[in-house]
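Heads up: the structure comes next, in structure tokens.
The values are calculated or read from the model by the stated rules, or taken from the named source; none is laboratory data. Source: prediction; values computed, not measured. Positions of Cβ are generated from backbone atoms using ideal geometry, with glycine treated the same way; all protein chains shown enter the neighbour counts.
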Amino acid sequence: MLELSPRRDGPRYRRVTLAVANDGSLVLHAHEMGGNLEAAWGVDDDEATLSVPSDQLGRLALALAAEVLKGGDDALARLSGICEAHDVRCRIAHWT
């Protein structure tokens, strides 16, 4: 599991995590609660989970990479940097 936002324990509590479930699906879980002037009793609680089935992860990876690399400027360097930063194996081949 990866923590995507620093956990805050104070007047407002927020936790966002990303994990791979036992069935291979990707699960994003967000939970936020705490003091809120707009809430009926001064406290709100909002919790949601988004899951992507394992057979859709390739499509998701392509969509996310397209968003990050949009425009093509330095796409090779940016993608190889992301791979290196997150310990993802990749191979670069050059033809001249």
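Looking at this structure, is residue 27 surrounded by 15 or more Cβ atoms within 10 Å (Cβ to Cβ) and modelled with pLDDT of 90 or more?
Yes.
(1) modelled with pLDDT under 90; (2) in contact with a helix residue (DSSP H, G or I) (Cβ under 6 Å, 6 or more places away or on another chain): which one isn't true of residue 10, the others all being true?
Going through (1) modelled with pLDDT under 90; (2) in contact with a helix residue (DSSP H, G or I) (Cβ under 6 Å, 6 or more places away or on another chain) one by one, residue 10 breaks only (2).
Right, residue 93: loosely packed, with under 11 Cβ neighbours inside 10 Å and over 23 Å from residue 25 (Cα atoms) or not?
yes
Could you grab the pairs with beta carbons closer than 6 Å, sequence gap of 6+ or different chains, first residue in region 13-35 and at positive phi, second one part of a strand (DSSP E or B) and surrounded by fewer than 16 Cβ atoms within 10 Å (Cβ to Cβ)?
34/12; 34/13
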